[in-house]
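Taking it in order: structure first as structure tokens, then the write-up.
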Amino acid sequence: MIEGENIPTSWCIERLGDFVISEKGKKPKNFSKTKSKEYSLPYVNIAAFEKNRIEEYTDGVGCVLCNDGDFLMVWDGSRSGYIGKAIKGALGSTLVKINFPGIENDYAYYFLLSKYLQINTRAKGTGTPHVDPDLLWNYQFPIAPFKEQSRVIKKIEQLFTELEKGIEQLESAQKQLEIYEQSVMKYAFEGRLTHNGISKGELPKGWKLLKLKDLVEEKVGLRRGPFGSAIKKEFFVANGYKVYEQGNAINDDPYRGKYFVDEEKYQELIAFKVLPKDLIVSCSGVTLGRISEIPEDGKEGIINQALLRIRLKKNLISNKFFIIHFRAAFFQKKIFEQSQGTAMPNLVGIKDFKEIEMMIPPPDEQETIVQEIENKMLLCRKIEETIETTLKQSEILRYSILKKAFEGKLVAQNPKDEPASVLLERIRAEKSSAAPKGRNI
């Protein structure tokens, strides 16, 4: 026994593995997706453990069983070290059942919860990571008097409940902020941000309902990249004319990329060149509709097959107004609803794409709308940053609560409590006289 200098005198510090009974789960031979007379025992895998969702049932033959009240640890995989409460069933092969006879199980549960990040980041294995038993069972476990353990648990749960309520409120605020941002965008592009008394669907004074084909330069305003066979890897050179890729639009970063073609190939594909202030749009996948602007100092080059080039009529619409409009959730939804393909959405054909309509205000009002949106979005970003910071602080506070709990600083000590040393003597005596109920890993 090691006496701790930073814990109350009525506490003791012991090696964790000396008090634990743990047993790893086994994968049953017989499974069923539906509950039946034969297969009636829930198979407690990670899905059941984390989300209380039973996906399979077993007959329980040769299984390790767990009960309500046991607590479990993920032993194998990316979440190794994560712990939670068990439900009655057959224990999955990636989980371990953990119990501490003679000690409040929830007390030990919260102690291990305080060690999760360390256990997870120091998992062993080059393939599938797993908990390092040498780390886990050699933790120095601060043990409070038995009655104090109950008070510690109660206080932790009280503080965690209050913390969860705060987190729920912050997450609710995040969702409300997102709804507000979408509403601002929708109102802005319907004219209701700059005009009073405008009904939904009504065209404000001075605005025009135009199609994309009306907003772009004739013939060259909308140009989809060349067929894949036109740009192959064997055409690339170390330096030359840049080949703009989907990643440039997705990341709104026109400078990234390492593919170039020579003068001859560039002239062959000159119809697909980009100019400063051209817009490029991602044409496929979950990132369909991402848009970016080619800057004044953008490298001369061409678009590849995964991009659409848009060249606007500057006298009708500004790039800034168009980009903000294009990125708005309601407009992105329109793009996806018209997309082709089931597994991989693709931009609708140019013929249909250029028929998409936009409500366009006069140029001076476009500037006003852009300014209004930017001001409101700047305020939203500041609020969002505050929420994110507070959420991170909440996680820090969670570990701070646990740290104080196991330093004996969370609840007051009662001198009438039986000291932990007496409790440990009784546990050792019971352990030596009783048959083991499980095996340590």
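The values are calculated or read from the model by the stated rules, or taken from the named source; none is laboratory data. None of the values given here were measured: they were computed from a predicted structure. Glycine gets a Cβ as well: all are built from the backbone with ideal geometry, and neighbour counts include every protein chain shown.
Is it true that ILE270 is out of contact with any Gly (no Cβ under 8 Å at 6 or more places or on another chain), β-branched (Val, Ile, Thr) and farther than 16 Å from ALA249 by Cα? Spelling it out, ILE270 is indeed out of contact with any Gly (no Cβ under 8 Å at 6 or more places or on another chain), β-branched (Val, Ile, Thr) and farther than 16 Å from ALA249 by Cα. Looking only at residues in the range 320-333 that are surrounded by 15 or more Cβ atoms within 10 Å (Cβ to Cβ) and of a type outside the set (A, V, I, L, M, F, W, C), which one is farthest from THR287 (Cα to Cα)? Taking the candidates together, the pick is LYS320. Taking first residues from the range 284-304 that are more than 15 Å from GLY257 (Cβ to Cβ) and partners that are acidic (Asp, Glu), no Cβ contact under 7 Å between residues at least 6 apart in sequence or on separate chains turns up. Which ones in the range 35-55 are part of a loop (DSSP other than H, G, I, E, B) and under 11 Å from GLY92 (Cα atoms)? ASN45 - this is the single residue of the range 35-55 that is part of a loop (DSSP other than H, G, I, E, B) and under 11 Å from GLY92 (Cα atoms). The criterion of being under 23 Å from PRO362 (Cβ atoms), over 30 Å from the mean Cα position of the chain (by Cα) and acidic (Asp, Glu) does not hold for GLU148. The single condition among (1) part of a helix (DSSP H, G or I); (2) exposed (fewer than 15 other Cβ atoms within 10 Å of the Cβ); (3) modelled with pLDDT under 95 that LYS258 does not meet is (1).
Within the range 14-35, which residues are polar (S, T, N, Q) and at pLDDT below 90?
ASN30, SER32, THR34
For (1) at negative phi; (2) at pLDDT 95 or above; (3) of a type in the set (Asp, Glu), each residue gets a yes or a no:
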{"position": "ILE143", "(1), (2), (3)": "yes, yes, no"}
{"position": "LEU177", "(1), (2), (3)": "yes, yes, no"}
{"position": "GLU190", "(1), (2), (3)": "yes, no, yes"}
{"position": "HIS195", "(1), (2), (3)": "yes, no, no"}
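What are the residues in the range 338-359 that are of a type outside the set (D, E, K, R), out of contact with any helix residue (DSSP H, G or I) (no Cβ under 7 Å at 6 or more places or on another chain) and touching a residue at least 60 places away in the same chain (Cβ under 8 Å), if any? Passing the criteria: MET344, ASN346, ILE350.
All conditions in (1) loosely packed, with under 15 Cβ neighbours inside 10 Å; (2) outside any helix (DSSP H, G or I); (3) of a type in the set (Asp, Glu) hold for GLU23, with the sole exception of (1).
Could you grab me the full set of residues in the range 192-211 that are over 23 Å from PHE353 (Cα atoms) and touching a residue at least 60 places away in the same chain (Cβ under 8 Å)?
Once the filter is applied, which keeps residues that are over 23 Å from PHE353 (Cα atoms) and touching a residue at least 60 places away in the same chain (Cβ under 8 Å), the range 192-211 yields LEU193, THR194, PRO204, GLY206.
Criterion first (surrounded by 14 or more Cβ atoms within 10 Å (Cβ to Cβ) and in contact (Cβ under 8 Å) with a residue 12 or more places away in the chain) does ASN315 satisfy it? Considered against the rule, which asks whether it is surrounded by 14 or more Cβ atoms within 10 Å (Cβ to Cβ) and in contact (Cβ under 8 Å) with a residue 12 or more places away in the chain, ASN315 comes out as no. Quick check, is LEU347 modelled with pLDDT of 95 or more, over 26 Å from the mean Cα position of the chain (by Cα) and of a type in the set (A, V, I, L, M, F, W, C)? When the stated conditions are applied, LEU347 does not pass them. The set of residues in the range 123-141 being crowded, with 20+ Cβ neighbours inside 10 Å and within 26 Å of ALA420 (Cβ to Cβ) consists of LEU136, PHE141. For the range 26-72, residues that are surrounded by 13 or more Cβ atoms within 10 Å (Cβ to Cβ), in contact with a helix residue (DSSP H, G or I) (Cβ under 9 Å, 6 or more places away or on another chain) and under 25 Å from PRO133 (Cα atoms) total 3. For the range 81-138, the set of residues classified as without any contact (Cβ under 8 Å) to a residue 60 or more places away in the chain, among the β-branched types (Val, Ile, Thr) and touching a Gly at 6+ places or on another chain (Cβ under 8 Å) consists of ILE119, THR128, VAL131, listed by residue number.
Here is a yes/no grid of residues against (1) at pLDDT below 95; (2) within 19 Å of GLY247 (Cβ to Cβ); (3) charged (D, E, K, R):
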residue: ASP262; (1), (2), (3): no, no, yes
residue: THR287; (1), (2), (3): yes, yes, no
residue: GLU296; (1), (2), (3): no, no, yes
residue: GLN305; (1), (2), (3): yes, yes, no
residue: HIS325; (1), (2), (3): no, no, no
residue: PHE330; (1), (2), (3): yes, no, no
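Only one of the listed residues (ALA306, ALA230, ALA271, ALA238) is touching a Cys at 6+ places or on another chain (Cβ under 6 Å) and more than 30 Å from GLU367 (Cα to Cα). That residue is ALA306.
In the set (1) under 22 Å from PHE336 (Cα atoms); (2) touching a residue at least 40 places away in the same chain (Cβ under 8 Å); (3) of a type outside the set (Asp, Glu); (4) buried (at least 19 other Cβ atoms within 10 Å of the Cβ), the condition left unmet by LYS242 is number (1).
For every residue, the table says whether it meets (1) under 18 Å from PRO226 (Cα atoms); (2) surrounded by 12 or more Cβ atoms within 10 Å (Cβ to Cβ); (3) of a type in the set (D, E, K, R).
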| position | (1), (2), (3) |
| --- | --- |
| ILE250 | no, yes, no |
| ASP262 | yes, yes, yes |
| GLN267 | yes, no, no |
| LEU279 | yes, yes, no |
| LEU288 | yes, yes, no |
| SER292 | no, yes, no |
| ASP297 | no, no, yes |
